[in-house]
1. Which number in (1) of a type in the set (Asp, Glu); (2) open to solvent by 10 Å² or more (accessible area, probe 1.4 Å); (3) in contact with a strand residue (DSSP E or B) (Cβ under 8 Å, 6 or more places away or on another chain) marks the one condition that GLU95 misses?
2. If a residue has to be surrounded by fewer than 19 Cβ atoms within 10 Å (Cβ to Cβ) and either of a type in the set (D, E, K, R) or within 16 Å of ligand 2 (Cβ to nearest atom) (or both) to count, how many in the range 219-234 make the cut?
3. What residue, of LEU216, LEU198, LEU251, LEU191, is buried (at least 19 other Cβ atoms within 10 Å of the Cβ) and within 16 Å of ligand 1 (Cβ to nearest atom)?
4. Would you confirm whether any residue within the range 204-227 is assigned to a strand (DSSP E or B) and closer than 20 Å to MET9 by Cβ?
5. Contact list please: Cβ distance under 9 Å, first residue in the range 221-249 and free of Cβ contacts under 8 Å to residues at least 12 places away in the same chain, second residue of a type in the set (Gly, Ala, Ser) and not in a helix (DSSP H, G or I), pairs at least six apart or on different chains.
6. Name the single residue, out of those in the range 16-66 being touching a residue at least 40 places away in the same chain (Cβ under 8 Å) and of a type in the set (Gly, Ala, Ser), that is nearest to ligand 2 (Cβ to nearest atom).
7. Could you tell me whether the range 73-92 includes any residue that is away from ligand 2 (no atom under 16 Å from the Cβ), open to solvent by less than 10 Å² (accessible area, probe 1.4 Å) and in contact with a helix residue (DSSP H, G or I) (Cβ under 8 Å, 6 or more places away or on another chain)?
Amino acid sequence: MGELTAPIMSVNQLSKQFGPGCDQCRNAEHRKLEKNYCRACGTVYSCQNISFDLHRGEILGVVGESGSGKSTLMRCLYFDQEVTSGEAYLQQYKEGSSNMFAESPQQKRYIRNHLMGKVYQNPVLGLRMGFSSIGNIAEKMIAAGNRNVAAMEARGSELLERVHIPLYRMKDAPKLFSGGMQQRVQIAKALSNNPPILLLDEVTTGLDLSVQANVLDLIKHLQRELNISILLVSHDLGVIRMLADRTMVMLDGQVVEQGLTDQILEDPQHAYTQQLVHSLL
Ligand code: ADP
Ligand code: MG
């Protein structure tokens, strides 16, 4: 998998904490936490020194139980939230020479609008439920500087077709759609500016199994067609197994294991991963 070329995204020691920390927990090596929580001061260590590379055209799975820090990681990468510390470099941004977290708000907006697309577990966070679906897509294109209405309409309908929303419904608001359709509109919106990176946070969680399978199938096809790099978050190892080339396993804000998905499934090293894999059988 693209190992010979530079990674599309390289994340180095990303940390996110909620709370100031205290003498008991400030030192990462010696901190004693209750899962991710410091009993002494109430600080939550949601992501602790997370490092990984995302390669061109790969799907990197992030799996872990609820509260392990997966969404926090995604929010930090999409600038929904500020990191406490750490670095991330994008190959398509200043040729990977600049830590994106240290950039100005304006540059962060550029990165978010041109180089990334995100799909939220909760569609309310990713869509304006009362706007038309095609208007939702146009919004991201406008944010990236597009002004040509006809071109945006053409691109919007092409994308909706791609995610199998019938064109006669493109003016309908997402609030009128089923959960699966709302996720499809989010995917279309995320793809609108042809980003090299797609961030998918529990895209299929809560959907009926058959709908879930359809959306996963769509993601797989889009990834192959577009050769896009995807960070795929799920608490469900079954979803990860279906799509991810490589996987990292998170527990209490830390990456406890990462490697080829097949290898992790066959020979899990960490006790938590072993438990996850066994519950899948
Ligand atoms: P996941 O997506 O893996 O379920 P999250 O990233 O949503 O996990 O949450 C990781 C941890 O961070 C949880 O313990 C959660 O309670 C905590 N957390 C998330 N947001 C905040 C916040 N704004 N303030 C305090 N703690 C938070
Ligand atoms: Mg989450």
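1. Single failed check for GLU95: (3).
2. Residues meeting the conditions: 3.
3. LEU251
4. Just the residues of the range 204-227 that are assigned to a strand (DSSP E or B), to begin with: none.
The answer is no; no qualifying residue exists.
5. ARG224/GLY57
6. SER66
7. Here is the first cut: in the range 73-92, the ones away from ligand 2 (no atom under 16 Å from the Cβ) are 79, 82-92.
Checking which are open to solvent by less than 10 Å² (accessible area, probe 1.4 Å) leaves us with 88, 90.
Adding the requirement that they be in contact with a helix residue (DSSP H, G or I) (Cβ under 8 Å, 6 or more places away or on another chain) leaves 88, 90.
Within the range 73-92, one or more residues are away from ligand 2 (no atom under 16 Å from the Cβ), open to solvent by less than 10 Å² (accessible area, probe 1.4 Å) and in contact with a helix residue (DSSP H, G or I) (Cβ under 8 Å, 6 or more places away or on another chain).
The values are calculated or read from the model by the stated rules, or taken from the named source; none is laboratory data. Just so it is clear, the model here is predicted, and its values are computed rather than measured. Positions of Cβ are backbone-derived with ideal geometry, glycine not excepted, and every protein chain shown enters the neighbour counts. Keep in mind that these areas ignore ligands, DNA and RNA; they rest on the heavy atoms of the full protein, side chains included. Shrake-Rupley method; radii C 1.70, N 1.55, O 1.52, S 1.80 Å.
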